[in-house]
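Structure, as structure tokens:
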Amino acid sequence: MTGFDRGKLRLGGLSDRKNKVFFPNDAVLPSAGARELPPPGAAALAEAVQRIRDARAAGRPVMCAFGAHTIKNGLGPVLIRLMEDGWITHLATNGAGIIHDWEIAFQGQTSEDVRTNVALGEFGTWEETGRYLNLALLVGAWRGLGYGQSIGAMICEQALEIPSAADLERDAGRLVSTDPERAAAGLDLLAAVKAFDLPAGSMRISHPYARFSAQAAAFRLGIPFTGHPMIGHDIIYTHPLNSGAAVGRTALRDFLAFTEAVSRIDGGVYLSVGSAVMSPMIFEKALSMSQNVARQGGQLISRHYILVVDLASSSWDWQRDGEPPVDNPAYYHRFLKSFSRMGGTMRYLQADNRDFFLGLLHAL
């Protein structure tokens, strides 16, 4: 099977790209006001606030998975405050959320015009985003980091440490018999170093807007920020430096870190905000794995609280009526159907993510 040759692509400079989101102008600060939610939404928010307070008082996790629009809508500073104040113990997002957060930290801008740029053959073909994020994943895989952790480390450290080819050959060779997975990560990085003639040493990468990066703050605070990408979904796959092996190693570490947090979710809280596919898909597998181990010890994860937040309206009462029949359109609301199957208590809140996160922070 013959694959597309990414070496033929003409990549543009990120500074030349026209964007739709600009920082600090579009940043939502923790002090910003939130629109008042209608009574049902206000009640759901109040219940979530109490559940979060109870969970944290009991030392249980409060996990928050979100789609990329949370970052594009400028909510990084609000997520940072929720982490700093101890309310959120784990953040999870998709590959696009990782990218938007990094582009904001790197240049204070993100969100290109997809329709225009696809027609021009320019969508996603940006040198800096592809080069630095793919390199961060290669280096992070070698360092034993996860997907989000690799990017957060690059932002916080303002650099990537590139080993020499000789050092990688020596160290990977020593690890082949004792730690073959890490040896393989070293060989992946070695292949990139040789193919792209990368000089050894500290590659300085300035991030003048790092204060707005949620994944940088998570790295600084030691809070898991896990990335859950899908191959081909994100613009970093257009770049020749992209390594499926590095993506797989770091993303798998993140999924297992996510699952470890879910294994402690009994009595805890799971917030799923604006993620129609990624969040329900990873949660159901993580919960099943966790339940498998819990049942072996005679236990059951059953006291978790799930709040799903999205803009879509829902006329089906999932708590009262259970799962709708397959001929009902509500059945195909994946983010509601999946979470309704996950036990515990599930609530749905129809709200803009800005109003939800600001309302949540202010109430807490």
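The values are calculated or read from the model by the stated rules, or taken from the named source; none is laboratory data. Note that the structure is predicted; figures quoted are calculated from it, not measured. No Cβ is skipped: glycine too gets one built from the backbone with ideal geometry, and neighbour counts run over all protein chains shown. Areas reflect the complete protein model, heavy atoms only, side chains present, ligands, DNA and RNA absent. Shrake-Rupley method; radii C 1.70, N 1.55, O 1.52, S 1.80 Å.
Residue-by-condition table, conditions (1) open to solvent by 10 Å² or more (accessible area, probe 1.4 Å); (2) over 14 Å from ASP355 (Cα atoms):
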position	(1), (2)
ALA34	yes, no
ARG51	yes, yes
ALA55	no, yes
ALA58	yes, yes
THR70	no, no
GLU84	yes, yes
THR89	yes, yes
Meets criteria (in a loop (DSSP other than H, G, I, E, B), of a type in the set (Gly, Ala, Ser), under 30 Å from PHE196 (Cα atoms) and without any contact (Cβ under 8 Å) to a residue 40 or more places away in the chain) for GLY298: no
Of all residues making up region 323-341, the number that are farther than 20 Å from GLN50 by Cβ and buried (at least 16 other Cβ atoms within 10 Å of the Cβ): 8
Failed condition for VAL193, given (1) closer than 15 Å to ALA251 by Cα; (2) among the hydrophobic types (A, V, I, L, M, F, W, C); (3) in a helix (DSSP H, G or I): (1)
Residues located in region 116-169, provided they are under 20 Å from ASP234 (Cα atoms) and of a type in the set (Phe, Trp, Tyr): PHE123, TRP126, TYR132, TYR147
Region 225-272 - residue that is assigned to a helix (DSSP H, G or I) and of a type in the set (Val, Ile, Thr) and, of those, farthest from ALA96 (Cα to Cα): VAL262
Filtered residue count, region 260-282, keeping only those that are modelled with pLDDT of 95 or more, closer than 14 Å to THR93 by Cα and over 13 Å from the mean Cα position of the chain (by Cα): 4
